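A quick write-up on the structure given underneath.
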6 protein chains.
Amino acid sequence: MKPISRYPVPKLADLPQDIRSRIEAVQEKAGFVPNVFLALAHRPDEFRAFFAYHDALMDKQGGLTKAEREMIVVATSAANQCQYCVVAHGAILRVRAKDPHIADQVAANYRKADITPKQRAMLDFAMKVSRQAEEVGDDDFERLRKHGFGDEDIWDIAAVSAFFAMSNRLANFTTMRPNDEFYLMGRVAAPAAPAPRAEPAAR
Amino acid sequence: MKPISRYPVPKLADLPQDIRSRIEAVQEKAGFVPNVFLALAHRPDEFRAFFAYHDALMDKQGGLTKAEREMIVVATSAANQCQYCVVAHGAILRVRAKDPHIADQVAANYRKADITPKQRAMLDFAMKVSRQAEEVGDDDFERLRKHGFGDEDIWDIAAVSAFFAMSNRLANFTTMRPNDEFYLMGRVAAPAAPAPRAEPAAR
Amino acid sequence: MKPISRYPVPKLADLPQDIRSRIEAVQEKAGFVPNVFLALAHRPDEFRAFFAYHDALMDKQGGLTKAEREMIVVATSAANQCQYCVVAHGAILRVRAKDPHIADQVAANYRKADITPKQRAMLDFAMKVSRQAEEVGDDDFERLRKHGFGDEDIWDIAAVSAFFAMSNRLANFTTMRPNDEFYLMGRVAAPAAPAPRAEPAAR
Amino acid sequence: MKPISRYPVPKLADLPQDIRSRIEAVQEKAGFVPNVFLALAHRPDEFRAFFAYHDALMDKQGGLTKAEREMIVVATSAANQCQYCVVAHGAILRVRAKDPHIADQVAANYRKADITPKQRAMLDFAMKVSRQAEEVGDDDFERLRKHGFGDEDIWDIAAVSAFFAMSNRLANFTTMRPNDEFYLMGRVAAPAAPAPRAEPAAR
Amino acid sequence: MKPISRYPVPKLADLPQDIRSRIEAVQEKAGFVPNVFLALAHRPDEFRAFFAYHDALMDKQGGLTKAEREMIVVATSAANQCQYCVVAHGAILRVRAKDPHIADQVAANYRKADITPKQRAMLDFAMKVSRQAEEVGDDDFERLRKHGFGDEDIWDIAAVSAFFAMSNRLANFTTMRPNDEFYLMGRVAAPAAPAPRAEPAAR
Amino acid sequence: MKPISRYPVPKLADLPQDIRSRIEAVQEKAGFVPNVFLALAHRPDEFRAFFAYHDALMDKQGGLTKAEREMIVVATSAANQCQYCVVAHGAILRVRAKDPHIADQVAANYRKADITPKQRAMLDFAMKVSRQAEEVGDDDFERLRKHGFGDEDIWDIAAVSAFFAMSNRLANFTTMRPNDEFYLMGRVAAPAAPAPRAEPAAR
């Protein structure tokens, strides 16, 4: 199997205690360690800052639901062709939205996804921040306010988009590999029999 | 639920017999009617030409495996942001390749997918045909020949890429909707118990 | 002289009867065999589907005149830098529109061509389908309806644009060469003395 | 008929004597006044500088033939979608190259035109200057020297490309209209009967 | 130190008298010879036309202030990544506008610069001429007229943008080097004792 | 004067103690508070993570000099049109490199800057991470290793580029304003008597 990252991946036992605890907590909750934790642990200080930032944006309270924040991640990561982020956050989006189709829709073309007009406006703005932030201006804020977003919500949209602009680049230059577990997560009702090499049903 | 197409979708009973037979054959084999058949049936002559072309390229014998042809479809359709094609042909790719992860990998960033160097060269060329065909030249043919592709294989790669350049545009302007069945196809070993609120993957 | 295609071109005598008949009919009408017929005859099944599709779109009745359909071909083929399509369909456009200048205008910059505002809207949409189909949405349909286009007309515009997105790529990867006959067609009042190596007119 | 320019076009009689003489000389030689002379005469000082620059580049002796300089104009003007320049300089290219097809080939896709490998290298460089001059570097000079271009030739290629980068923009913002005379120039052996509304040739 | 240009730079004494006089006049006024004069003197006829054009656009009377014309130069040259033009005309802009910050602001992102809404509209249009002149149309003229620009002002904006489209390309292919003097010009109140050879303009 | 950010900027006295201490330390060292500290203090948790990340990348030991890291910031921020980052980090680059010209050169076109071939390779890679990270591959690593960069250096280059991909977007959506002090910093030898409010750092 291909490696998790083109850089060395430390063993849990060799990591500083705070990083180890953080990883063990995730493992307990998710049932596995998402590879981004292992790949970034190669640089402990950057690991700490990365996840502090991530949590500040993705776990906070606010006008955006957690599913909406994941929509932003998936839409912008798809535009940036970040395999890790599309696969991993696609899984989280399915779980958060309790919708097995939404991630594939948003990744392929968010304009065709089963989302509300307000969410469409949110994603249009997130994409502008991701791809042409230099052109963001007052008009964009006006448009979002008309959809009911407050200025703090707009900060959230932009900041999530900006954070994953960084994330996507980190994953792409390290060739970070998504865990197999993500592919089926949120797609089926139960652990079931998700074959890593599924025999295709007859067609 | 959102409609299959922004254009009227004919009833099976109202269709010319040849089109109806074609659709019924697909339905029998797949267990459902992929929406592209219904959406394009709005224009019977175009339907006939479209599927004749499709079959000439996708069902023929040749140097490319069926899975490889689907890889081309998924990679170029992702670049063209065609939701229908990524979701539907992603399913077919999983089935053909007997690999539950390959389609999501190729759609997100084919350069990071679990494919051979020869397949990488195939997709690099398919993407060039899809996005900058005007720059295709002798160098591209040389590169592919070095990977062991014959000139007829190269035609196949280019023609599949070109055909889906058309297909992607048809699906995008009609807002063609992928069937729910596609999302889980090729991902799980058996019909099993699908996800929360998921449309059942009856197959 | 450079070859018609970088692939082998079959002799008429070696072709299946239906393809041969089709080619002979064109030859009788046009006075020569357009190279696209010979280049694509290398793949009989694809040839049949290609021309069936072409005729379904270009020869049908409908709200768009034949000249308007050719305008779409020339504008989008110029954007895709398809030499064969610009030269060959430029000729057909001149003939259909009975206007010796229109093709060169549309190919260079359709926004400056001698066309109606309705035709400008048609070409704006055709170009969007050709270059950013993923962004086509309800607004585009509204704009066209305001210019008097019905939804079936809009399908025609989009489908012609999509078909030539394929065509342009086929011509570019095969390096398909336009026949000399096309260059002067529709430019002069009579067969006259169109020198293949014309001595320049006085200047 | 549409105007020559969206700006006022002065009468010959109202122009300063030097500009008038220049225009009359062109008229005598070409048989008509190319519209660029009339459109730019709206600004006499700019007119003088423009044509002084033009002549310094296009009429000079040097390693490039006059036809080659016109190839550069046609290829870069097509990329910049300048209708005036493609039509007018397309005509001059046909005359200079004594080739009725070359201009349409170069305008559509210069990579497919009937030109030498050295001319292809020339146009590749001219296009880089036109579209990504910021990336021009030593490698480009090396490549051209290998094809036999001297450094003064390279200056000529780049300067012609740069001058028409300006020209194309002037023509586009003024909506400068090419004279009808250009369309047929260099295409037919003799003045003949070039119908302004040509009846289509038999097809 | 790196050379002024990748081409030979003539000695003043070897230049034709008119060019020499022109250069000496600049030197007397500015305190040094801007390198563009030396680099272009390699081609005397082009030198003459270039500066005649430059002066016709930059020194003329009209609705745009000299500072505004320099804003156009700096904004479009930054987009074209022209080091010489950004550094040299950045200096002139600071001097003309009597503002030590304006050039760096306009070069980095003119949308964020301390300029008026009318100047913003001016730069939006200049950038469109510089980057997508083929799309300039009546709407652009309407927008500028609403901001109080007359049609002759619009010509000025477009012509300055077009002239520097050429200039930027000349500087980039010759690797023209900005004089050290420009970097500090217009930034400090007095000659002072500062950086190497800086020749601050009065402020 | 225009505001520092389009969002509210907290007073120092109202900030959590750790943030206040951090800001006061910077103020003591630099002589003023860079606006990024005030703008981001609107979100204390994001502030903490942002600066922890920043310091982990910019203040660490390693194969890249501090000046080289700032070159990466300036080059990529210019491409992203981030006014705050170009002006502020341009200042820091001048100070770190003890070169009053380097920042303006790198911002305008780093390919023309007075840097070593190794630094040019570094910036080529940083730009690829910033603009097309999805295409980064083994070849890029090989190229950098040939220039003497180790894999940890390459991580540093990529991570700085990625971090400022985020930073640039944050500054652009908040319309973050660079302090006046940055414009002259590193340009003049001594505090002197320079332009309004300029506060040069020691050099």
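The values are calculated or read from the model by the stated rules, or taken from the named source; none is laboratory data. In this text the structure is predicted, and so the values were computed from the model without any measurement. Every residue, glycine as well, gets a Cβ built from its backbone with ideal geometry; the counts of neighbours run over all protein chains shown. Remember, those area values only see protein heavy atoms, side chains included, never the ligands or the DNA or RNA. Shrake-Rupley method; radii C 1.70, N 1.55, O 1.52, S 1.80 Å.
Could you pull the Cα extents of chain D along its three principal axes, largest to smallest, in whole Å?
So the three principal-axis extents are 50, 49, 28 Å.
I need the trypsin sites (Lys or Arg not before Pro) found in the stretch A:3-80, filtered to DSSP loop residues with at most 10 other beta carbons within 10 Å of theirs.
Details: sites: A:R6, A:K11, A:R20, A:R22, A:K29, A:R48, A:K60, A:K66, A:R69; in loops: A:R6, A:K11, A:K60.
Answer by residue number: A:K11.
Once you have the Kirkwood Rh of the stretch F:112-154 from its Cα pairs, apply Stokes-Einstein at 4 °C and 1.567 mPa s and quote D in µm²/s.
Estimated via Stokes-Einstein, D reaches 122 µm²/s.
When only alpha-carbon atoms count, how far does the stretch C:1-61 stretch along each of its three principal axes, as whole angstroms with the largest first?
38, 25, 23 Å, listed from the longest principal axis down.
Grab the DSSP H runs of chain D that are 4 residues or longer, score each as -39,500 (n - 2.57), total them, divide by all residues and round the 222 nm result to the nearest 500 deg cm²/dmol.
Taken over chain D, the calculation gives -19500 deg cm²/dmol.
For chain B, set up a GNM with springs between Cα atoms under 10 Å and report which of B:V136, B:V74, B:V86 has the largest fluctuation.
Highest fluctuation among the options: B:V136.
Beyond 46 Å, what share of the Cα-Cα pairs of the protein assembly as shown remains, rounded to the nearest whole percent?
Here the long-distance tail beyond 46 Å is 38 percent of all Cα pairs in the protein assembly as shown.
Could you work out which residue, out of C:P34, C:P117, C:P178, moves most in a Gaussian network model of chain C, that is, has the largest mean-square fluctuation with Cα springs under 10 Å?
Comparing C:P34, C:P117, C:P178 in a Gaussian network model of chain C, the most mobile one is C:P117.
Do any residues of the stretch A:52-85 lose at least 50 Å² of accessible area when the full set of protein chains is present rather than just their chain alone, and if so which, with a 1.4 Å probe?
A:Y53, A:Q81, A:Q83
Placing +1 at every Lys and Arg Cβ and -1 at every Asp and Glu Cβ, with all other atoms neutral, what dipole size does the protein assembly as shown have around its Cα centre, in debye to the nearest 20?
Approximately 20 debye in magnitude.
Going 7 Å from the Cα of A:A25 along its beta-carbon direction, which residues of the stretch F:44-61 have the amide nitrogen within less than 20 Å of the resulting point?
It comes to F:44-53, nothing else.
Which number gives the lysine pairs in chain C that have C-alpha atoms under 28 Å apart and are eight or more places apart or on different chains?
Taking the Cα cut-off of 28 Å, the pair count is 24.
Among F:M122, F:M185, F:M166, whose mean-square fluctuation peaks in a Gaussian network model of chain F (Cα, cutoff 10 Å)?
Checking each option, the largest mean-square fluctuation is seen for F:M166.
Pairs of alpha-carbon atoms within less than 8 angstrom and 6+ residues apart define the contacts here; what relative contact order does chain F have, in percent?
Once divided by the residue count of chain F, the mean separation gives 27 percent.
Work out the length of the dipole vector of the stretch D:75-115 about its Cα centre, built from +1 on the beta-carbon of each Lys and Arg and -1 on the beta-carbon of each Asp and Glu, and round it to the nearest 20 debye.
60 debye
Let's see if you can work this out: charge +1 on each Lys and Arg Cβ, -1 on each Asp and Glu Cβ, no other charges. What is the dipole magnitude of the stretch A:55-161 about its Cα centre, in debye to the nearest 20?
460 debye
Short version: which residues of the stretch D:146-189 lose at least 50 Å² of accessible area, all chains versus chain alone, 1.4 Å probe?
With the partner chains in place, the stretch D:146-189 has these residues losing at least 50 Å²: D:E152, D:W155, D:A162, D:M166, D:R169, D:N172, D:F173, D:Y183, D:R187, D:V188, D:A189.
Could you do me a favour and compute the accessible area per residue for the protein assembly as shown, 1.4 Å probe, result in Å²?
So the protein assembly as shown comes to 37 Å² accessible per residue, rounded to a whole number.
What does the buried accessible surface come to for F and A, summed over both chains, with the probe at 1.4 Å? Round to 100 Å².
On the way: alone 10880 and 11780 Å², together 18840 Å².
Using a 1.4 Å probe, the pair buries roughly 3800 Å².
Give the calculated FRET efficiency between F:D18 and E:K98 to the nearest 0.05, with a Förster radius of 51 Å applied to their Cβ-Cβ distance.
That pair, F:D18 with E:K98, gives E of 0.75.
Out of the total accessible area of the stretch B:2-155 (probe 1.4 Å, heavy atoms of protein only), what percent is carbon and sulfur?
Of the solvent-accessible surface of the stretch B:2-155, carbon and sulfur hold 49 percent.
When the expected Rg is taken as 2.2 N^0.38 Å, what fraction or multiple of it is the alpha-carbon Rg of the stretch A:18-117? Can you show the working numbers first?
Numbers: Rg = 14.3 Å, N = 100, 2.2 N^0.38 = 12.7 Å.
Against the compact-globule rule of thumb, the ratio is 1.13.
Run the label-point distances for D:D139 please: 7 Å along Cα to Cβ, every other copy, nanometres, shortest first.
0.9, 0.9, 3.7, 3.8, 3.8
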